[in-house]
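See structure below.
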Amino acid sequence: MNWDDARVFLAVCRESTLRGAARVLGVDQATVGRRITALEKSLGATLFLRTSEGYALTAVGEAALKSVEKMEHSALELERRIQGLDNRLTGSVRVSTTDSLAIDFLIPAIAQLHEYHPDVRVHLDASTQILSLAKREADIAVRNTRPDNPDLIARRIARWPVGLFASQAYVDRHGVPTPGSAFEGHDLVVYQPYLQGNKDLTLVTESISRGRIVAGLSSSLLVRRSIAAGLGVGEIPVYMGERDGLVRLWPERTRALPYEVWLVTHADLRHTARVRVVIEQIVEAFALENE
């Protein structure tokens with residue numbers, strides 16, 4: 001099995017459908033189907049069962065998957081090591097982050113980078129999905145969680161307290177919640193992942209048991225925009241609330257855990273020239289905020 005065939009095989013394994021694999025590989029669905037059929041014919045074995053729910057690995061396919069994953073690991077390691085020796089300030093750098101951090105920090109950093117190094121192109125992915133640096137889905141990640149992979153280099157570039165905020169329009173209509181009231185009589189906007197499996201949810205250590213959750217949002221940017229629109233009271237990093245001109249409620253209170261921002265890259269890539277200059281520009285953008 002050559003590496004091109006292995007990539008197609010892996011994509012079908014991970015996506016379970018030809019359409020999903022085609023999207024990942026950037027080819028059409030018919031091409032993926034032909035490649036899988038040709039691969040099975042060349043190996044003289046059935047790798048997948050075609051079911052109504054998609055493609056499922058056979059026992060032979062399971063055995064092949066282990067070997068192909070080793071091929072992938074070796075190919076990615078070779079690519080990282082070669083790129084780690086690249087001193088040219090040209091080419092693409094893939095950066096993964098959240099939507100709020102992208103708007104507030106990454107886009108200004110990329111604009112500044114373009115002034116200095118116009119041949120370095122940044123592909124920015126802003127979503128709640130965490131891309132894999134080990135699998136080269138991204139070269140740099142700017143996230144609020146520190147990875148535990150020993151092959152990754154992590155640097156904390158920000159640490160902000162998290163406070164309670166509302167819009168001035170909301171305060172004018174509903175007033176300020178009373179501490180100890182569990183937000184009785186107030187509307188709340190909450191980061192959706194906090195709602196899942198969390199029965200004792202709090203905002204800045206205050207129970208929300210008497211409040212009314214009017215929206216569960218999938219990203220910090222949506223929480224910010226919902227608060228700004230007067231939809232309800234919400235918990236966000238203090239810098240975000242101040243930047244958006246929101247009213248901070250109970251300023252003496254913060255969430256128990258601060259909001260941390262970590263810049264992460266793979267050890268093999270941190271000295272690549274184009275990756276290094278992108279990292280430096282991102283770090284500078286956060287340093288300006290923290291001054």
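The values are calculated or read from the model by the stated rules, or taken from the named source; none is laboratory data. Keep in mind that what you see is a predicted model, and the values were worked out from it rather than measured. Quick reminder, even Gly has a Cβ in these numbers, built from the backbone with ideal geometry, and neighbours come from all protein chains shown. Surface areas here come from the heavy atoms of the whole protein model, side chains and all, with no ligands, DNA or RNA. Shrake-Rupley method; radii C 1.70, N 1.55, O 1.52, S 1.80 Å.
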| Members of the range 1-22 that are under 16 Å from Leu43 (Cα atoms), in a helix (DSSP H, G or I), of a type outside the set (Phe, Trp, Tyr) and open to solvent by 50 Å² or more (accessible area, probe 1.4 Å) | Asp4, Arg7
| note | When restricted to Arg225, Arg159, Arg136, the only residue on the phi > 0 side of the Ramachandran plot and within 28 Å of the chain's Cα centre (by Cα) is Arg136
| task | Could you identify the single residue in Gly211, Gly185, Gly230, Gly216 that is within 19 Å of the chain's Cα centre (by Cα) and more than 11 Å from Leu164 (Cβ to Cβ)? | result | Gly216
| said: Looking at the range 49-66, can you tell me whether even one residue there is free of Cβ contacts under 8 Å to residues at least 24 places away in the same chain and closer than 30 Å to Val223 by Cα? | reply: no
| request: Please work out if Thr205 is touching a strand residue (DSSP E or B) at 6+ places or on another chain (Cβ under 7 Å), touching a residue at least 40 places away in the same chain (Cβ under 8 Å) and polar (S, T, N, Q). | output: no
| said: If I ask for residues that are over 29 Å from Thr202 (Cα atoms), under 14 Å from the mean Cα position of the chain (by Cα) and hydrophobic (A, V, I, L, M, F, W, C), which ones from the range 139-156 would you list? | reply: Ile140
| Looking at the range 23-46, which of its residues are open to solvent by 60 Å² or more (accessible area, probe 1.4 Å), closer than 18 Å to Leu65 by Cα and assigned to a loop (DSSP other than H, G, I, E, B)? | Gly44, Thr46
| request: Using the structure shown, decide if Arg173 is touching an Asp or Glu at 6+ places or on another chain (Cβ under 6 Å), basic (Lys, Arg) and touching a residue at least 12 places away in the same chain (Cβ under 8 Å). | output: no
| query | Is it the case that the range 57-77 has a residue that's open to solvent by 40 Å² or more (accessible area, probe 1.4 Å) and assigned to a strand (DSSP E or B)? | reply | yes
| request: Might you let me know whether the range 272-283 holds any residue that is within 21 Å of Asp99 (Cα to Cα), open to solvent by 30 Å² or more (accessible area, probe 1.4 Å) and assigned to a loop (DSSP other than H, G, I, E, B)? | output: no
| said: Residues that are basic (Lys, Arg), out of contact with any Pro (no Cβ under 9 Å at 6 or more places or on another chain) and touching a residue at least 60 places away in the same chain (Cβ under 8 Å): does the range 130-140 have at least one? | reply: yes
| message | For the structure I just gave you, tell me whether Val93 is more than 30 Å from Ala256 (Cβ to Cβ), open to solvent by less than 10 Å² (accessible area, probe 1.4 Å) and at pLDDT 90 or above. | response | yes
| So which strands (runs of 3 or more DSSP E) are wholly in the range 126-203 and hold at least 2 residues that are open to solvent by less than 50 Å² (accessible area, probe 1.4 Å) and either farther than 19 Å from Arg94 by Cβ or not aliphatic (A, V, I, L, M) (or both)? | 152-160, 162-166, 187-191
